[in-house]
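Just so it is clear, none of the values below were taken in a lab; they were calculated from the coordinates. Being a predicted model, the structure only gives us computed values, none of them experimental.
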Amino acid sequence: FKAGEYPSLLPLRRSIQMIIDNMREHGGIYQMLSAIRDIEKQRSHSNTRVAVAIDAIGLGLFLGLPSMKVMDLALCGILGGLTKNNSPLESVTPIFSFSGLGESAVGLVLTIHDARDSKNGAQVGVLGNILMISEAYHELLNSYPEIPLPDLVKKMAKGEVEGLDQGVSQTFARYKGLYPIGSILELDRDLVVVMGHANNDKGKKRPIVSKM
């Protein structure tokens, strides 16, 4: 890019829309990828941001939000947030590194600020709560890679994670289910599987497992 020019947000929006469409129709593969953890290696900041966006999309779809709101959540998940820096100004700075936002920039900034306020105990709108709880979940995944996914979600739902609203956490737990996609389960001594799901012929999700 030439000096003073900003990259267009359009390619990112297109990529996000592909993810949204896939999650709406097929669901599980992106949540499974976002749940991958390595006990011996910390996830990068960029990988965490994408994972936050994926669960923000998933929870938004679960709650039946309009497509534009889901898109805004995904952009907030990737471009802003709480994980790397709690400074209100620095958390929204990446948004202004792109062209093509127009008036939507205001909504993104407000959602990121709402997520920060929600984590501090304030009552905020649904988008702020979705971004906050998705952030919090992936902070837990990064901080405790040895704890199984179902146990982390249960801790959130029971109000055992400091600073999280239990009602919001319980909504997130319903979205994740008893065994979240990407959970590794030992069915017996010789059979270890990973949890996924697929849509049946009526469009309803059903659990599936894949041998490891």
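Observations on the model:
- For Ser99, nonlocal amide neighbours, meaning residues 5 or more places apart or on other chains whose placed amide H falls under 5 Å from its own, are Ser8, Leu9.
- Each residue of segment 107-121 was assigned a 3J(HN,Hα) from its phi angle through the Karplus curve 6.51 cos²θ - 1.76 cosθ + 1.60 (θ = phi - 60°); the sequence is x, 5, 4, 5, 5, 5, 5, 4, 4, 5, 5, 4, 5, 8, x Hz, with glycine and proline shown as x.
- Filter on Lys41/Lys176; Lys119/Lys155; Lys154/Lys176 - keep pairs with C-alpha separation over 18 Å: Lys41/Lys176
- Additional length obtainable on full extension of the chain from Asn47 to Lys154, 0.36 nm per residue less Cα span: 36.1 nm
- Each residue of segment 51-61 is assigned a 3J(HN,Hα), and the resulting list reads 5, 4, 4, 4, 6, 5, 4, x, 5, x, 5 Hz, derived from the Karplus form 6.51 cos²θ - 1.76 cosθ + 1.60 (θ = phi - 60°), x at Gly and Pro.
- Whole-Hz ³J(HN,Hα) from phi, Karplus 6.51 cos²θ - 1.76 cosθ + 1.60, for segment 160-172, glycine and proline x: 8, 10, 4, x, 9, 5, 5, x, 5, 4, 5, 4, 4
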